[in-house]
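Take a look at the structure set out below.
The values are calculated or read from the model by the stated rules, or taken from the named source; none is laboratory data. Note that this is a predicted model, so its numbers are computed, not measured. Glycine gets a Cβ as well: all are built from the backbone with ideal geometry, and neighbour counts include every protein chain shown. Calculation scope for accessible area: heavy atoms of the full protein, side chains included, ligands and nucleic acids excluded. Shrake-Rupley method; radii C 1.70, N 1.55, O 1.52, S 1.80 Å.
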Amino acid sequence: MKKRIVAALAAAILCLTTLVLVIRLRTDQLLFPNVPGTSTAPVVASLAAGRSSSGRMLLRGYGVDRLGCVLFFPGQHGGIANYEKTLIPSLASQGIRVFAASYPGQDGAPGAADVDGVKVQASKAVLFASGVCGPERTVVVGRSLGTMVAAESLNTVPAAGLVLISAAPSLSAAFHAQLRTHWYTRPLRMLPASAFVQRDISLTGALGERSLVPLVIFQGTRDLRTPLELLRIPGVVPHGAQIVMVAGGTHENTYLLANHRIVEAVKWLLSSHESDNSSAPNPLRGPT
């Protein structure tokens, strides 16, 4: 009987160890899976990560620049077509030029994505958008996994502001939450996220303990994948960040419920550099 128990435990440990190794080796593919789809919007830039990578990040352009530009990074599954029906037209209708990113292997972008490559491409995307509108008239927006990409993109590049939607405090925290989505990976939540993520990214690591870029975070009160509580842990969010709680918002619909407030926040950030707007009311005050 004892031999059977020992054998079963050994087999379980072997399976878990193998699964950890497989996940660790395929972290890039798990974080940025290949997703079919495309868009009829014009591609305005195709950004390479470097000579060693064949993957390219595509930027598609929408609207005209009257107030400024927004660079948008979606979540891990891309889905440009969904945003073309929701957030993008809401921004473009206000006279904001929108550049939406598609990661390599998603929505028609060639190649395959990797974390290091996406970081390089994201910084190039900010340079492209700020080259059109100027850094002081460019706001970067990220949703879900795109919040990590957006934060890292501003590591060395300035912008007028950063808006994060359904954010995790770090890539490892987001990955740990991702383990909940499959029954066979749930037991792995007992292990530290560092066992899977070799190169972690965090909001404070990318932006500093006090972000030099105005930071606004929209977080749903019913978000189970990136819970609001994670952002309330001392030190995980740069000091001075504004966290807007979206009542009833889940990880999937917070950006829809807060659509109007997100647009108003972007407009406020775009105009905040103007000397005659220094006393403009903050649209983030009050209930969401």
### Message
I'd like the FRET efficiency for SER271 and ASP116, computed as 1/(1 + (r/R0)^6) with the beta carbon distance as r and R0 of 35 Å, rounded to 0.05.
### Response
0.50
### Task
Order HIS251, HIS176, HIS260, most accessible first, counting only protein heavy atoms with a 1.4 angstrom probe.
HIS260, HIS176, HIS251
### Rounded accessible area of ILE262 (nearest 10 Å², 1.4 Å probe)
0
### Rounded FRET efficiency, nearest 0.05, which uses the C-beta distance separating ASN253 from ASP200 and R0 of 35 Å
0.80
### Message
Starting from the 7 Å offset along Cα-to-Cβ, what nm value, one decimal, do you get for the label separation of ASN34 and SER93?
### Response
3.8
### THR156, THR147, ranked by accessible area, largest first (probe 1.4 Å)
THR156, THR147
